[in-house]
1. For residues that are facing another protein chain (nearest Cβ under 9 Å), among the polar types (S, T, N, Q) and surrounded by fewer than 21 Cβ atoms within 10 Å (Cβ to Cβ), tally how many sit in region B:399-416.
2. When you scan region A:88-176 for helices (runs of 4 or more DSSP H) that lie fully inside it, which ones turn up with 2 or more residues that are more than 29 Å from A:E57 (Cβ to Cβ)?
3. Before we move on, is B:E461 more than 20 Å from A:Q371 (Cα to Cα), among the acidic types (D, E) and either more than 11 Å from every other protein chain (Cβ to nearest Cβ) or in a strand (DSSP E or B) (or both)?
4. Being farther than 20 Å from B:K435 by Cβ and within 8 Å of chain B (Cβ to nearest Cβ): is that true of A:K369 here?
5. Anything in region A:89-118 that is among the acidic types (D, E) and farther than 13 Å from A:V429 by Cβ? List them, or say none.
6. So which residues in region B:327-358 are surrounded by 24 or more Cβ atoms within 10 Å (Cβ to Cβ), of a type outside the set (G, A, S) and not in a strand (DSSP E or B)?
7. Name the single residue that is farthest from the other protein chains (Cβ to nearest Cβ) among those in region B:417-432 being assigned to a loop (DSSP other than H, G, I, E, B) and touching a strand residue (DSSP E or B) at 6+ places or on another chain (Cβ under 8 Å).
8. Test each condition in (1) surrounded by 24 or more Cβ atoms within 10 Å (Cβ to Cβ); (2) on the phi < 0 side of the Ramachandran plot; (3) touching a helix residue (DSSP H, G or I) at 6+ places or on another chain (Cβ under 8 Å) for A:G161 and report the one that comes out false.
Amino acid sequence: MPQRAILDHEFIDWTKSSFQLLENGLNGSARLPFHGVRKAAVAQFAKLGLPTTRDEEWKYTNVLPIFKNQFALANQEPVVAKNAIDAFGFEGLRDKMIVLVNGRFSKELSTLAIDDSTVKVGSLSDAIARGEKAVQEHLSRYADFNSEPFVALNTAFTLDGTFIHIPDDISMPHPIHLCHIVVAEDAAAAIASPRTLMVVGKNSQVHLIESYHTLEESAHLTNAVTEVVLEQGATVEHIKMQLESKSAYHIAASTVHQAEKSCFSSVNIDLGGAIVRNNLNVVLNGENAESHLYGFFRTTGSQLIDNHTFIDHAVPNCESNELYKGILDDSSKGVFNGKVLVRQDAQKTNAFQESKCLLLTDDAVMYAKPQLEIFADDVKCSHGATVGQLDEDAQFYLRSRGIGEEKANSILRHAFASDIFERIEVAEVRDMLESLVFEHFND
Amino acid sequence: MSDAAMKELPKSDYDDKFGSQEQQETIERITKSEYKWGWTTDIEMETAPKGLNEEIIHFISQKKNEPAFMLEWRLKAFRHWQKMEEPRWPNVQYNNIDYQNAYYYAAPKKQKQLKSLDEVDPKLRETFDKLGISITEQKRLTGVAVDAVMDSVSVATTFKAELAKHGIIFCSFSEAVQNHPELVKKYIGSVVPYTDNFYAALNSAVFSDGSFCYIPKGVRCPMELSTYFRINAANTGQFERTLIVAEEGAYVSYLEGCTAPMRDENQLHAAVVEIVAHKGAEVKYSTVQNWYPGDAEGKGGIYNFVTKRGICLDDNAKISWTQVETGSAVTWKYPSVILKGDNTVGEFYSVALTNNFQQADTGTKMIHLGKNTRSTIISKGISAGKSQNSYRGLVRVGKNAENARNFSQCDSLLIGDRCGAHTFPYLEVHNKSAKIEHEATTSKVGEDQIFYCNQRGISTEDAIGIIVNGYCKEVFKELPMEFAVEAQKLLAISLEGSVG
Amino acid sequence: MLEIKNLEASIEGNKILRGIDLKVNAGEVHAIMGPNGSGKSTLANVLAGREEYEIDGGEVLYNGDDLLDMSPEDRARAGVFMAFQYPVEIPGVTNAHFLKTALNEIREARGEEKLDAVEFLALVKERMKLVELDQKLLNRSVNEGFSGGEKKRNEIFQMAVLEPKLTIMDETDSGLDIDALRIVSNGVNKLKNPNSATLVITHYQRLLNYIVPDFVHVLVNGRIVESGGKELALKLEEHGYDWVKEANNVAA
């Protein structure tokens, strides 16, 4: 496809020149070791280029339309009114917000104040400049820019983001809410490259909420990378909510590294975006660790939402549980690709995966590809995938009690989604989602 | 497991991994079993020169006295093949195949035209007798008509006259080209076009024989039809082609079996099977694939790259694939059904067993196009030794396929911890009324199950045989009785010595 | 109230009902008995409006209206209630939400005011006692994780809340132990009134000791072959179904 190649070259050229601009603006921080990583990443991106639908991992998601736009690196310091942010906060958690504008930590807009001097929540760029030990140890160690083009792109343009370090034996008394907003000012579409690194120490606990919003309707690209490290016995709930405008593009890679006895649970909610791709990679690298991955998406119009998850059981005696659900309307498209790898040493693994999708129209399309790759024999693994409609028996039962067909369907759809929301531990988020999605079903 | 392989593990490790002494011995015994069909027949052969070019294709076509349309089709396929790349997406690894270093035509030399089956070269007859496939009708398998194919050439077809009474045509592909060119011309490549994939293109260019079967309207074939494939010659690729056409309301059950000698070099088998089922027709196609799998070190064995596809052309047609795959070094095979007519049914039942260094990437494609189409996929993968076993399947529901139903169950059983089981199902749904369900599980032969059997006086090896056969029962019950018994035995033999 | 005339129905091409005639008046309890496969459950499902069944002939009048022409929800709103043999589990929908929605839809259809949360809760609490159901069940998903007995009691509880005119009990006694059977029957009996009718479908006479029928009909091979008073049920209990089959020349 020659058209494809031109676009690819154009975009790679754009990346190189944008990187040059970025480098020129770095001043002193270009001497920091992390800049070497950026350079390696930009070179790697030039090698990898944009993925095409001929790549197995991108078979159903064509990113081409995104790059037909003229892009510009997002303005690093746009002016955003404080009250504009309020709408994105959760009732009861508005003072727990870290706000990132175009990927950049905003001290003015953030409301979270941490009393504990050992807990660190703040600007990633500051942490890099400080030479923070945890940053040196972990940043860019898990998100693989050698094979993932969009991770390379993010890494090349990582200027700032969020750094969270919770030392050992601390149970955070409240959730941390990272609120990402993109503000496009020029005609050119903005690319924001937010980066998050969270390191959670031994036996510590935290709930992290990442929400993504658009201030004004624009065809921007959010290309986010999040790395989460769980040390021994750590417990993390990571809620990611993508609520951007229907013309936004969103590509996100979350990479999670778990030590023994740690427990990670992820809830991934997608309601916005024109083309959305989430990669969630979890490595279970210590025994008796467990992971719970939940996801829900609801698409309308011509949205495309693609969730790729990869659970790597590298050691024995771990457990993973996964449930993804989607409801597709109009001519939207959904993709679920869930891979579970059980390595040769990972005996006594329990891995369960399920995906369920509802198609509401004949123009909606669902592609599901659940995969198991098993190299150990003493394991219990299963996956299930269903695509279809609401349970007919349940529909009949509701109708036989006098509930009209439309209403019965709306109740069942809501129940279908609630199944995921109920698993969210942060009540403020759960309540907000329940009402948000309820509106969706009654429109 | 071979002695050499066992040496790789320090004794203590070995104990840990494989448990009790008795289980160890069983594992050893099972992995050491010999391939029992590995002998060769010494018979005078006629071969084309090594290599592949247009001249060879002219040679093959000429040898077979083919009409012009066949030669043209072959040449088109060959030219297309030259532009294609060998697929690398399957989850298998093998050395590059040198397509120029193989013979593309090998046939047992014929003395004269045969007047009856009794005139078949005694050596050939012996060969098939030894394989348990008698081509003299007196000693026939009860109620099974056989087309015996050795090194790409049909040797004999039994019961032709009996079948002809019903208007059924069952003969070698070469004979069909001579006697029924209009049927061949109409249907060849209609389900698997030569452009379909690399191996299908190669087969289309060089196929030398195979079986042809035509069931006329309303006829229920009175006996099982069967093709037995045997590779004998060295350095020869086997490229046979099977075409089955079932007219409106017809029914046929078709069986296929295969073996090959033990040779150190890998041999390529790239076959194509096409099935056309017209309105209300039903075709059942069963395969017991037992090509030479290579030795315990992974040396030799057949590369089995096969394209099998059926089309339910019209309403209420049904195509059912059942396969028991125990042989071949590398298998790449996805018997598929295109459900074009309304109310059509596609089925795929598969047992794929890999041991030692075998690799299998097999599964099916169910393409739902018509309304109220149904498909069922039951796949049982068993991996032992150091083998890799993959299920790869596609269920696609087209935009106009109202009320499509699919149920897939893909289970994997691992025996030992040096093998791998992989599941790659693809679900593509374009219609909201579809109901698609896929389930997959991975498990092992439970120690408690073995113990339970032991306690009732059953040896560990037999217990594993019983348990594995039980695991495959859903598939075996789809096979014709005699084949089911054969398949069970084959499974036990292939498993001999592989347990953890 | 209910008049079934020569009703014929089939599923997936198999003829199940071969001409049923039955008249049920307000205040009456009718029992339909019959061996397995005689068409009892089909009759119940056809009356409730299950779409898989095909109506091949005949008609069903409910208070003079063509019942077969109504959607399942309209039947329910008109007062037809089926106690299911196998009540379905609906994960994610709480009993309370489910029942409140149903009740208010029915009330709306009847031209009554919708109940608010407080009124609804008061009603529900009162009716729950009737079937000795634990209030905690209200906040659990519909039938999810309920025991067999709880599911059946939940059916009768719903009936108590929705106050139907015609109740069809489809093998409500199956899978019930003696205590649950007593609770369920008590509930049904307490709800009985001169304006409502009940159709009890059962294989065994057992349930009829608790819910005493005015009429008993024997269904064999898709037809009512014998009708009588409650003594007929006892006769069936004693002699089994074979004598009815023989007496009516029906192949076993």
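The values are calculated or read from the model by the stated rules, or taken from the named source; none is laboratory data. From a predicted model like this one, the values you see are computed outputs, not experimental measurements. Ideal geometry is used to build each Cβ from the backbone, glycine not excepted, and the neighbour counts take in all protein chains shown.
1. 1
2. Once the helices (runs of 4 or more DSSP H) in region A:88-176 are filtered for at least 2 residues that are more than 29 Å from A:E57 (Cβ to Cβ), what remains is A:124-130, A:133-138.
3. Taking the combined requirement at face value, the residue satisfies it.
4. So A:K369 does not fit the description; no.
5. Those that are among the acidic types (D, E) and farther than 13 Å from A:V429 by Cβ: A:D95, A:E108, A:D115, A:D116.
6. If the condition is that a residue be surrounded by 24 or more Cβ atoms within 10 Å (Cβ to Cβ), of a type outside the set (G, A, S) and not in a strand (DSSP E or B), then B:P335, B:T344, B:N355, B:N356, B:Q358 are the ones that fit.
7. By that ranking, first place goes to B:C419.
8. It fails just one condition, (2).
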